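Asker: Handing you this structure, nothing more for now.
The values are calculated or read from the model by the stated rules, or taken from the named source; none is laboratory data. For clarity, every value in this text was computed on a predicted model and none was experimentally measured. Counting neighbours? That spans all protein chains shown, and the Cβs are built from the backbone with ideal geometry, glycine included.
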Amino acid sequence: MYAGGGNGEVARAVSAVEVSAIEGKAGWLVRNALSDRLGAAGKATPRYRLDVRLDEKLQGLGLLSDDAISRERRTLRARYQLVDLQSGKIMLDATAGADAGIDIVSSEYAVIAAEQTALENISHQVADQIVTRVATRLRQSR
């Protein structure tokens, strides 16, 4: 798919993808990961726009006998569209998602750190899924 390395057709096409702003902390993480992976740091004039909407949830699971939560599940789902800026045509309309389990321990700091790490990890997983689908779609349109 990336024949020719950074100068290949697909690499040039994905570097022409502009990522729209995404709301929230998870949005910031996903947008940065997407920009890094697409190589869209001003290398090419934008030809495509990637619009992403996120749905993030943190759900308590596993109750102990004292009704304390012993485990959490952090979920991140993305609905995204790749838009051709010249024609306005939607070239790709798809979803991506990831989730992570978090053990709840007695240290509140440890739980907060685990929740943050889980969000960072699943943000990168979602970005990877999106980039793969976008690159595949752009390769098909060549």
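Asker: Taking only region 84-112 into account, find how many residues are of a type in the set (G, A, S), under 20 Å from the mean Cα position of the chain (by Cα) and either at pLDDT below 95 or in a helix (DSSP H, G or I) (or both). Break it down stepwise before answering.
Answerer: First, the residues of region 84-112 that are of a type in the set (G, A, S): 87-88, 94, 96-98, 100-101, 106-107, 110.
Those left that are additionally under 20 Å from the mean Cα position of the chain (by Cα): 94, 96-98, 100-101.
Right, trim to either at pLDDT below 95 or in a helix (DSSP H, G or I) (or both) and you get 101.
Residues in region 84-112 being of a type in the set (G, A, S), under 20 Å from the mean Cα position of the chain (by Cα) and either at pLDDT below 95 or in a helix (DSSP H, G or I) (or both): 1 in total.
Asker: List, please: which pairs have Cβ atoms under 6 Å, are six or more places apart or on different chains, and start with a residue in region 12-38 that is closer than 21 Å to G88 by Cβ and end with one that is assigned to a helix (DSSP H, G or I) and charged (D, E, K, R)?
Answerer: What qualifies is V19/R31; I22/R31.
Asker: Checking the conditions here, which among I90, I69, I22 is in contact with a helix residue (DSSP H, G or I) (Cβ under 9 Å, 6 or more places away or on another chain) and either hydrophobic (A, V, I, L, M, F, W, C) or within 25 Å of S141 (Cα to Cα) (or both)? Walk me through how you get there before you give the answer.
Answerer: Details: I90 fails: in contact with a helix residue (DSSP H, G or I) (Cβ under 9 Å, 6 or more places away or on another chain); I69 fails: in contact with a helix residue (DSSP H, G or I) (Cβ under 9 Å, 6 or more places away or on another chain).
That would be I22, the only listed residue that is in contact with a helix residue (DSSP H, G or I) (Cβ under 9 Å, 6 or more places away or on another chain) and either hydrophobic (A, V, I, L, M, F, W, C) or within 25 Å of S141 (Cα to Cα) (or both).
Asker: Can you tell me which residue within region 57-75, out of those that are free of Cβ contacts under 8 Å to residues at least 40 places away in the same chain and among the charged types (D, E, K, R), is farthest from R133 (Cα to Cα)?
Answerer: D66
Asker: OK, next. Kindly evaluate A110 against the criterion of being over 30 Å from R49 (Cβ atoms), out of contact with any Pro (no Cβ under 6 Å at 6 or more places or on another chain) and not acidic (D, E).
Answerer: Working: over 30 Å from R49 (Cβ atoms): yes; out of contact with any Pro (no Cβ under 6 Å at 6 or more places or on another chain): yes; not acidic (D, E): yes.
For A110, the condition - over 30 Å from R49 (Cβ atoms), out of contact with any Pro (no Cβ under 6 Å at 6 or more places or on another chain) and not acidic (D, E) - is met.
Asker: Which ones in region 9-37 are over 16 Å from I122 (Cα atoms), crowded, with 20+ Cβ neighbours inside 10 Å and β-branched (V, I, T)?
Answerer: Result: V14, V17, V19.
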